[in-house]
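**Student:** I'd like to ask some things about the structure below.
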């Protein structure tokens, strides 16, 4: 009987330590997401021949313009993603970061948007982004965020978190 109690205590202690490690992984992941957040300010939406209209990111406005320009400042923390996910409406024609033209390697349009690597363009602190959008009517939209799916800053911790949860679950079930 003593042997069974010792095994149960050992398993309970092991499960508790595993649970605490999983909580630690989740906490570290949440901290990573929070400390690497980009902030947006001074957003302007400009249609041809009109005055700029201020907006809060993300941009969502009714529009009848054939194209429009979005300008905004992005405050980037010390640890930041270099890969961003952009969702324009309808399609992104040009992208400029800190007055440097970014070469787009793929067409980026409204339904799924697309990831753009801005390594060499973004720096810690305030960055200025200008995007020229081809609009085919309806809503004028623009959203930019760190690409959690494509940037190693996020993908490596995501894989570690999933692996930790898997091994914890496997250990608890066996």
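**Student:** Show me the ranking of peptides 22-31, 93-102, 146-155 by mean Cβ neighbours inside 10 Å, starting with the highest.
**Tutor:** The packing order, highest mean first, is 146-155, 93-102, 22-31.
**Student:** Then there is this: Per DSSP H run of at least 4 residues, take -39500 (n - 2.57); add these up for the chain, divide by its residues and hand me the 222 nm value, nearest 500 deg cm²/dmol.
**Tutor:** Value at 222 nm, helices only, nearest 500: -11500 deg cm²/dmol.
**Student:** While we're on this one: How do 145, 34 rank when sorted from fewest to most other Cβ atoms within 10 Å of their own Cβ?
**Tutor:** The order, fewest Cβ neighbours first, is 34, 145.
**Student:** Under a crude label model (7 Å from the Cα following the beta-carbon direction), how far is residue 166 from residue 60 in nanometres?
**Tutor:** Computed distance between label sites residue 166 and residue 60 equals 3.6 nm.
**Student:** On to the next question. Obtain the nm distance between the two label points defined at residue 75 and residue 93 by a simple spin-label model: each point lies 7 Å from its Cα along the Cα-to-C-beta direction.
**Tutor:** About 3.2 nm separates the two model spin labels.
**Student:** State whether region 39-152 is rounded, prolate or oblate according to the following rule on the C-alpha gyration tensor (a ≥ b ≥ c being the square roots of its eigenvalues): a/c under 1.5 gives rounded; otherwise a/b larger than b/c gives prolate, and the remaining case gives oblate.
**Tutor:** Here region 39-152 falls in the prolate category.
A short reminder: the numbers here are calculations on the coordinates, not readings from a lab. If you're wondering where the values come from, they're calculated on a predicted model, not measured in any experiment. Don't worry about glycine lacking a Cβ; one is built from the backbone with ideal geometry, like all the others, and counts go over all protein chains shown.
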